[in-house]
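**Q** Before I ask anything, here is the structure I am working with.
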Amino acid sequence: MTAGATPGHGAPVDEADAHTLTGRVRRWLLRKLPPDKLLPEDQPVFVASWAYVFGMGAVASLLWIIVSGIVLGLNGPQWYHVSSLGSFVNSTHLWSVELFFIFMVVHLWLKFWMAAWRGGRVLTWITGVISFVVSIVAAFTGYLLQTNFDSQWIAFEAKDALNAVGVGAWFNVANVGQLFTWHVTLLPLAVGAMVVLHVLLVRVHGVAPPLEAAESDAQLRRDRPGPAEPPEPAEPRGDGR
Amino acid sequence: MTRKSSSISWRNTDDVASRPWTGSVREYDLIKELIIGVVVVGLLVLGVSAIFGSPDEPSVSLKAWATAAPSDFVGTAAKELAGTSDTAGYGPPYNSTPDATQKIGPVDLQSLSGVRLPVDTASDFVITPLSTLPSPPEALARWAAATDQQRSSWAAAYSDALAAAPDNDPAKVAGGDYGPVPALTGALLDMARQGSLDGVLQNGGNFYNMDYTRSLLFLGDGGYFPDLAASQHLSGDQWGVMNETGDTPGQSWLWLFSLLYQIEPFKSAPNADAIVVVAMLVLTALLALLPFIPGLRSLPRMIPLHRLIWKDYYRNR
Amino acid sequence: MTGWLVASVGLVGDGTYFGWDGFTIQSGNLIVIVVMIILFVLALVLPFPGGKRRK
């Protein structure tokens, strides 16, 4: 691949350029998500609300969960019982999880009321819900790894729900070795993968416009004179599907 | 110009929501937002951790149980020998007790795994641990020589006598034909008090162990451990699924799972666990598929909170 | 907390619980839920600082 074959900023991708499978994957990726869409410097004018910051809050919390979790994992599950530094790192792991869920839930509520699945964004909604569900399982295994009274009791109680649907034999909440694998490798990878996919889908589709946005809005008109047009009276709207 | 209204539909059509935004834009620095987010969340996490810390209530050992509640321990050991404990009657994956599983209609998911984590309560919790002692009690030989029927009748009789005794105290049990059972449970109590039962139950003679299934099941068959949990508001009927020890927030995101255990028809159902899990799976699927559900997906249009979120945009239309 | 909320403060480390028959909530969980609702309402009503507009 030569430098000249690389599509520039916003330039259309050269169809003839791809004659291998690799080339076709690259062409598809660049068409779906060109660099200026992946890392844009501006957003539609309606992206002006605190409603848009909670997703990023959840991502920031997740980064803190990962950092504190790596420190805890590298020291083993007994460390935080006996070390004051370990206890503090354990606290940061707990509180970053609480913040992660707080931000994620507020984000979910807001995206519902914004009907953010509109216009082909349904997979973004679904990956978001899956991220939430996988995060719940990941947090649950974390509670089971506390190796204290709380985890002892949670394991004793939770086994019934898991056994009742036939998975307790393989996902054994009283087996700390199994739980360590789930909590430290598989589930973090799953949460990370779902969150990355979710964020990429947001970038691919762009942010969903306001529910009542219309072609005639000042912000959408080609001959935009500025925000001078008086607001139009609301009119009845059908489902419009 | 005709106003083409935005649809609530998830479909990719030719409306404003489906096409790339071609209208006016504002500067928005995602990387700057990420950096600010990491710094703000980091300060919050460090601050809250420094102020509130995190709870670490020590775990309960079999030694602690035998020391704090010896009568409960002996009574539980007798039930393990008689095969009348919760674990002995659990069904898969621990044993094949008939009619013990939670079914959903005709569907028996609990039996799918079979007995994959076999637990024989008399042998695993009492007899085998006692046989690892340097000088095993002589009662073991009498137990080994007896028939299954004789064993259960001794153990059941002793278990009933303990339940009837004042304070369930083994020292105050009325006389009867209990065979070697009182000697076995007494020896197990001594073993647990000395602390050696914890190790034997957990690692079964191996150096390494990370599987606490047997110890936990034995502990949970007694009354001491569940009572401790109830005193910390951790039981299932106390919304305990959500709760952490002390005042630290727990898994509040499990509120719905916890709620189902508090209400009918789940609360008093013999298969509560199975139907609660299935109900949660269905509700989670509904949340994921919400954009496809007529009515629910139209709520944002019927209750227009979005006019607050996009108030600047609507003001300038 | 007043009215229908009944505080039951136990021994040290037992936690503070609010509730009435059938419903109990631990103080930490209650605070987390209240914080989420407050954040949601604030996100709706607080004005967002204006950025540079350009086309």
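The values are calculated or read from the model by the stated rules, or taken from the named source; none is laboratory data. Computed from a predicted model, the values in this text were never measured in an experiment. Counting neighbours? That spans all protein chains shown, and the Cβs are built from the backbone with ideal geometry, glycine included. These area figures cover heavy atoms from the full protein model, side chains too; ligands, DNA and RNA do not enter into them. Shrake-Rupley method; radii C 1.70, N 1.55, O 1.52, S 1.80 Å.
**Q** Could you tell me the center-to-center distance, by alpha carbons, between segment A:104-181 and segment B:235-269 in angstrom?
**A** Measuring centre to centre over Cα atoms gives 15 Å.
**Q** What base-10 log of the normalised intensity I(q)/I(0) is obtained for chain A from the Debye formula, alpha carbons as equal point scatterers, at q = 0.13, 0.15, 0.17 Å⁻¹?
**A** Cα-only, vacuum Debye calculation for chain A: -0.97, -1.11, -1.25.
**Q** Could you check how many percent of all C-alpha pairs in segment A:119-204 are farther apart than 14 Å?
**A** Value for segment A:119-204: 66 percent of Cα pairs lie more than 14 Å apart.
**Q** Right, something else. Answer with one residue from A:Ala60, B:Ser49, C:Val35: the one whose Cα lies farthest towards the positive end of the charge dipole of the protein assembly as shown, charges on Cβ with Lys, Arg +1 and Asp, Glu -1.
**A** A:Ala60
**Q** Could you list, in their original order, any pairs among B:Lys63/B:Lys103; A:Lys111/B:Lys103; A:Lys32/B:Lys32; A:Lys37/A:Lys111; A:Lys159/B:Lys63 whose Cα atoms are separated by more than 32 Å?
**A** From B:Lys63/B:Lys103; A:Lys111/B:Lys103; A:Lys32/B:Lys32; A:Lys37/A:Lys111; A:Lys159/B:Lys63, over 32 Å: B:Lys63/B:Lys103; A:Lys111/B:Lys103.
**Q** Order these peptides, A:165-178, C:35-48, by their mean beta-carbon neighbour count within 10 angstrom, highest first.
**A** Averaged packing, sorted descending, gives the order A:165-178, C:35-48.
**Q** Residue farthest toward the positive end of the dipole of segment B:174-266, with Cβ of Lys/Arg at +1 and Asp/Glu at -1: which of B:Gly246, B:Met191, B:Gln262?
**A** B:Met191
**Q** Ranked by accessible surface with a 1.4 Å probe, highest first, in what order do A:Leu63, B:Leu62 come?
**A** Listed by decreasing accessible area, they come as A:Leu63, B:Leu62.
**Q** Over segment B:239-317, with a single point scatterer placed on each C-alpha, what log10 of the ratio I(q)/I(0) does the Debye formula yield at q = 0.21 1/Å?
**A** Taken in order of the listed q values, log10 I(q)/I(0) reads -0.97.
**Q** Could you run the numbers on buried accessible area between C and A, total for both chains, 1.4 angstrom probe, in Å² to the nearest 100?
**A** Roughly 1400 Å².
**Q** Ignoring ligands, DNA and RNA, what accessible area per residue does the protein assembly as shown give at 1.4 Å, in Å²?
**A** Accessible area per residue: 47 Å².
**Q** Note down the net charge around B:Ala157, summing +1 for each Lys or Arg and -1 for each Asp or Glu among other residues with Cβ under 13 Å from its Cβ.
**A** Overall, the nearby charge balance is 0.
**Q** Go through C:22-31, B:292-301 and give me the packing order, highest mean Cβ count within 10 Å leading.
**A** C:22-31, B:292-301
**Q** What does the structure give for A:167-179 when I average, per residue, the other chain Cβ atoms found within 10 Å of the residue Cβ?
**A** Across the residues of A:167-179, the mean count of other-chain Cβ atoms within 10 Å is 5.
**Q** About its Cα centre, what dipole magnitude does segment B:148-192 give when the only charges are +1 on Lys and Arg Cβ and -1 on Asp and Glu Cβ, stated in debye to the nearest 20?
**A** Dipole size: approximately 40 debye.
**Q** Starting from the exponent 0.38 and prefactor 2.2 Å, build the expected Rg for the protein assembly as shown from its residue count and divide its actual Cα Rg by it.
**A** With N residues counted in the protein assembly as shown, Rg over 2.2 N^0.38 Å equals 1.19.
**Q** Run through all the Cα pairs of segment A:50-114 and give the fraction in each 5 Å bin from 0, expressed as whole percent.
**A** Taking every Cα pair in segment A:50-114, the percentages come to 4, 19, 24, 17, 12, 10, 7, 5, 2, 0.
**Q** Starting from the 7 Å offset along Cα-to-Cβ, what nm value, one decimal, do you get for the label separation of A:Ala193 and A:Ser216?
**A** 4.9
**Q** While we're here: Using only protein heavy atoms and a 1.4 angstrom probe, determine the accessible area buried between C and B, summed over both sides, in Å² to the nearest 100.
**A** 2200
**Q** Give me a single rounded figure for C:19-30: the average over its residues of other chain Cβ atoms within 10 Å of their Cβ.
**A** Neighbouring Cβ atoms belonging to other protein chains average 6 per residue here.
**Q** So if I place +1 on the C-beta of Lys and Arg and -1 on the C-beta of Asp and Glu, and nothing else carries charge, what would the dipole magnitude of segment B:62-231 be about its Cα centre? I want it in debye, nearest 20.
**A** Magnitude of the dipole: close to 200 debye.
**Q** Students sometimes get this wrong: rank B:Met302, B:Met242 by accessible area, probe 1.4 Å, all chains present, largest first.
**A** Correct descending sequence by accessible area is B:Met302, B:Met242.
**Q** For chain B, what are the DSSP H helices with axial Cα length of 27 Å or more and mean Kyte-Doolittle hydropathy of at least 1.6?
**A** Correct list, ordered by number: B:30-52.
**Q** Of B:Leu201, A:Leu162, which has the most accessible area and how do the rest follow, probe 1.4 Å?
**A** Most to least solvent-accessible, the answer reads A:Leu162, B:Leu201.
**Q** Among B:280-290, B:151-161, how do they line up from the highest to the lowest mean number of other beta-carbon atoms within 10 Å?
**A** The packing order, highest mean first, is B:151-161, B:280-290.
**Q** Now for a separate question. Using only Cα atoms, find the angle between the long axis of helix A:149-164 and the longest principal axis of chain A, and express it within 0 to 90 degrees, rounded to the nearest 10.
**A** That helix lies at roughly 70 degrees to the long axis.
**Q** Here's something else I'd like to know. Round to the nearest 10 and give me the degree value, 0 to 90, for the angle of helix A:187-205's Cα axis relative to the longest principal axis of chain A.
**A** 10
**Q** Just tell me how shielded C:40-46 is by partners: mean number of partner chain Cβ atoms within 10 Å of each residue's Cβ, no decimals.
**A** 6
**Q** Between B:Ile127, B:Tyr28, B:Pro58, whose Cα lies farthest towards the positive end of the dipole of chain B when Lys and Arg beta carbons carry +1 and Asp and Glu beta carbons carry -1, centred on the Cα centre?
**A** Result: B:Tyr28.
**Q** For the protein assembly as shown, with only Lys/Arg (+1) and Asp/Glu (-1) charged at the beta-carbon, what is the dipole magnitude about the Cα centre, in debye rounded to 20?
**A** It works out to roughly 3380 debye.
**Q** Between helix A:54-75 and chain A, what is the angle of the helix's C-alpha long axis to the longest principal axis, kept within 0 to 90° and rounded to the nearest 10?
**A** 30
**Q** Sticking with this structure for a sec: Report the residue, chosen from B:Arg193, B:Arg214, B:Arg116, that carries the largest GNM mean-square fluctuation when chain B is represented by alpha-carbon nodes joined by springs under 10 Å.
**A** For chain B, modelled as a Gaussian network with Cα springs under 10 Å, the answer is B:Arg116.
**Q** In whole percent, what relative contact order does segment B:110-232 give with Cα contacts below 8 Å and a gap of six or more residues?
**A** Over segment B:110-232, the number comes to 25 percent.
**Q** Quantify, in whole percent, the carbon and sulfur part of the accessible surface of the protein assembly as shown (1.4 Å probe; protein heavy atoms only).
**A** Carbon and sulfur: 65 percent of the exposed surface of the protein assembly as shown.
**Q** For segment B:62-231, what does the convex hull of the Cα positions come to per residue, in cubic angstrom?
**A** Taking only Cα atoms, segment B:62-231 has a hull volume of 140 Å³ per residue.
**Q** Cα convex hull of chain B: how many Å³ per residue?
**A** Hull volume over Cα atoms, normalised by residue count, gives 239 Å³.
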